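Contents: one structure, followed by commentary.
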Amino acid sequence: MSKYKNVADFFAQRGPEDIERFIDKNLDISQQVYALLKEKGWRQHDLATRLGKSDAELSKWLSGSHNLTLHSIAKMEAVLGADIILTPQKAEARYRQVEYVYLRVQASANERIPSHVSYSAAETAAGEADYEAILKVA
């Protein structure tokens, strides 16, 4: 007799930590590859051809359950011209230069605020709206 009452109970049960991490990392890698393909306007077939692999083999690689080697990941990175895996140390060094900018903006209620700006309003002593805006950099 099964120890699970239903399918949801089966999927809610976590497995060994190493297996959970393996699956998570494989799915992260697959999602990164698909994002890079979309960015380049490529199909999975285009990547398979450039790697000298069959469509079926690349599909297996990107299934999220295949045990990718560092060599196969490095091949995909070379063909795609982008990192698929980025270690925390490398990410910190690369993105250390990112800075957030806070602006104080005064605007009338009739002005349209662009969608790429989020803001919070506070009333000034003079009764005017004082907006604190945070620009989202794309």
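Just so it is clear, none of the values below were taken in a lab; they were calculated from the coordinates. The structure displayed is predicted, hence computed values, not measured ones. Please note: Cβ atoms are built from the backbone with ideal geometry, for glycine as well, and neighbour counts cover all protein chains shown.
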Per-residue HN-Hα couplings for the range 36-44, Karplus 6.51 cos²θ - 1.76 cosθ + 1.60 at θ = phi - 60°, whole Hz, x for Gly and Pro?
5, 4, 4, 4, 8, x, 9, 9, 4
Scoring only Lys, Arg, Asp and Glu (+1, +1, -1, -1) among other residues with Cβ under 14 Å from the Cβ of S72 yields +3
Which entries of K60/K90; K3/K60; K3/K25; K5/K25; K53/K90; K25/K60 show an alpha-carbon separation above 25 angstrom in the structure shown?
K60/K90; K3/K60; K3/K25; K5/K25; K53/K90
